[in-house]
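Colleague: Here it is, the structure in full.
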Amino acid sequence: MKMKNSINFVGIIIVFLIIFMIVLTWKIDTNSELTRSTMKTSNSAVSKGIDGYILLKGDTVYFIEEKHIKDAYDRKHLEERLKRKIPADAILHFNNASIEKGLQTGDKVEIWYSEILESYPAKIQVTKIEKIQD
C-alpha cells in the first residue's frame, strides 16, 4: 500500500512538471512574438510598400489592404464601410501632416511605414504614401 501511494505521488508530480513546462514554453513564445510585433524598425530601414485603399472618416485615415478587397463591387462600395463602427483593420498616422493632404476615400495607395502598433484597429506610422492608378 505504501509503495502504491508513493507511485501515485510521483505520477502527480510528473504531471504537474509537464504542465509547468508547457505553460513556461507558451509564455516564452508569447513574449517573443509580442516583442517582434511591436518592434520599431530603424530610421534607415523602412518597410517595403503595402498596397491598399483609403477611407476617410472625420480626421481619421483608415487603410484597407488590397488583399481584403475581393472584387470590383467591394472597390465601388468602399464608402459603405464607413457606416461600421470600425471600417478597416488599420489607422494611418503620418510623420508629416502634408503627406495626408489630397487623400480621398477610395484612393488606391502604396504605403511605406516605420512601425505597426499591435491593436485593433492597428496603428501604422506612415513614412511615405504614393497614389496608384487603377
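The values are calculated or read from the model by the stated rules, or taken from the named source; none is laboratory data. This one's a predicted model, so the numbers in the text were calculated from it and none came from an experiment. Every residue, glycine among them, receives a Cβ derived from its backbone with ideal geometry; neighbour counts consider all protein chains shown.
Colleague: How about segment 72-112: which of its residues are farther than 19 Å from Asp59 by Cβ and surrounded by 13 or more Cβ atoms within 10 Å (Cβ to Cβ)?
Modeller: Asp74, Arg75, Lys108, Glu110, Trp112, listed by residue number.
Colleague: For segment 98-124, give me each residue that is in a strand (DSSP E or B), out of contact with any Phe, Trp or Tyr (no Cβ under 7 Å at 6 or more places or on another chain) and either without any contact (Cβ under 8 Å) to a residue 40 or more places away in the chain or among the basic types (Lys, Arg) (or both).
Modeller: Those that are in a strand (DSSP E or B), out of contact with any Phe, Trp or Tyr (no Cβ under 7 Å at 6 or more places or on another chain) and either without any contact (Cβ under 8 Å) to a residue 40 or more places away in the chain or among the basic types (Lys, Arg) (or both): Ala122, Lys123.
Colleague: Which of the residues spanning segment 59-97 are part of a helix (DSSP H, G or I) and of a type outside the set (Asp, Glu)? Quick ask: steps written out before the conclusion?
Modeller: Applying the first criterion (part of a helix (DSSP H, G or I)) to segment 59-97 yields 66-68, 72-76, 78-83, 97.
Residues satisfying the conditions are Lys67, His68, Ala72, Tyr73, Arg75, Lys76, Leu78, Arg81, Leu82, Lys83, Ala97.
Colleague: Ok, one more. May I ask you to list the residues in segment 60-88 that are modelled with pLDDT of 85 or more and of a type in the set (Asp, Glu)?
Modeller: Answer for segment 60-88, where residues must be modelled with pLDDT of 85 or more and of a type in the set (Asp, Glu): just Glu65.
Colleague: Let me ask something additional. Filtering segment 118-134 down to residues that are more than 18 Å from Pro87 (Cα to Cα) and of a type in the set (A, V, I, L, M, F, W, C), which residue is nearest to the chain's Cα centre (by Cα)?
Modeller: Filtering segment 118-134 for residues that are more than 18 Å from Pro87 (Cα to Cα) and of a type in the set (A, V, I, L, M, F, W, C), the one nearest to the chain's Cα centre (by Cα) comes out as Val126.
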